[in-house]
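Only one structure is covered here, and it is reproduced in the block below.
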Amino acid sequence: MTLSGLRVLLAEDNPTNQLVATQMLECLGASVILAEDGAQALEIVERESFDVMLVDIEMPRVNGIEVLRAVRGSSGPISEVPMIALTAYVMREHRAAIDAAGADGVIAKPILSIEQFGTDIRRFMRRRT
């Protein structure tokens with residue numbers, strides 16, 4: 001599975017998760033822009049475009065649910081960008097809240113397989129397009 005040529009916004013506050021996800025995405029061929037929390041993610045999407053956004057749910061200042069809602073509620077092309085939640089919170093009630101906020105999919109953390117990570121991203125991107 002390749003993500004070659006894709007611009008990815010990764011919104012993740014944990015330094016270890018930032019490193020692991022960034023390395024996996026780059027190994028898959030993606031170009032990664034990192035936002036260290038939800039507020040920074042929202043600032044970045046105002047000035048840059050992306051092919052997909054990967055959003056942690058538990059972040060300081062602005063959490064992932066708020067990021068999903070803000071982007072989906074915005075005007076312009078950014079509102080249609082595929083958005084995938086990265087979270088350890090995968091219980092039914094968490095997934096329902098993530099879906100209601102506008103996510104195209106959920107990838108559970110920890111990410112165990114680079115191949116599966118790339119496959120899941122492509123699969124969830126197809127849902128939006």
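The values are calculated or read from the model by the stated rules, or taken from the named source; none is laboratory data. Keep in mind that what you see is a predicted model, and the values were worked out from it rather than measured. Quick reminder, even Gly has a Cβ in these numbers, built from the backbone with ideal geometry, and neighbours come from all protein chains shown. Each accessible area value is taken on the protein alone, full model and side chains, heavy atoms only, with ligands, DNA and RNA left out. Shrake-Rupley method; radii C 1.70, N 1.55, O 1.52, S 1.80 Å.
Quick look at the values:
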item: Yes/no for E93 being within 16 Å of L34 (Cα to Cα) and open to solvent by 50 Å² or more (accessible area, probe 1.4 Å); result: no
item: Residue that is modelled with the lowest pLDDT, among those in region 87-129 that are within 23 Å of A70 (Cα to Cα) and among the aromatic types (F, W, Y); result: Y89
item: Residue satisfying condition, being in a helix (DSSP H, G or I), under 22 Å from Q40 (Cα atoms) and in contact with a strand residue (DSSP E or B) (Cβ under 9 Å, 6 or more places away or on another chain), within set V71, V106; result: V71
item: Region 1-57, subset polar (S, T, N, Q) and loosely packed, with under 13 Cβ neighbours inside 10 Å, residue modelled with the lowest pLDDT; result: T2
item: Test result for I98, surrounded by 15 or more Cβ atoms within 10 Å (Cβ to Cβ), under 16 Å from L25 (Cα atoms) and either touching a helix residue (DSSP H, G or I) at 6+ places or on another chain (Cβ under 6 Å) or in contact (Cβ under 8 Å) with a residue 12 or more places away in the chain (or both); result: no
item: Residue that is touching a strand residue (DSSP E or B) at 6+ places or on another chain (Cβ under 9 Å) and either of a type in the set (G, A, S) or part of a strand (DSSP E or B) (or both), where the choices are A97, A21; result: A21
item: Count - residues of region 39-57 that are within 11 Å of the chain's Cα centre (by Cα) and in a helix (DSSP H, G or I); result: 1
item: Contacts under 7 angstrom Cβ, first residue in region 75-94 being within 22 Å of R126 (Cβ to Cβ) and of a type in the set (D, E, K, R), partner assigned to a helix (DSSP H, G or I) and open to solvent by 10 Å² or more (accessible area, probe 1.4 Å), 6 or more apart; result: E80/R128
item: Scan of region 106-120 for residues that are under 16 Å from E12 (Cα atoms) and either open to solvent by less than 20 Å² (accessible area, probe 1.4 Å) or β-branched (V, I, T) (or both), ordered by number; result: V106, I107, I111, F117
item: Verdict on A88 being loosely packed, with under 14 Cβ neighbours inside 10 Å, over 12 Å from the mean Cα position of the chain (by Cα) and closer than 18 Å to A11 by Cβ; result: yes
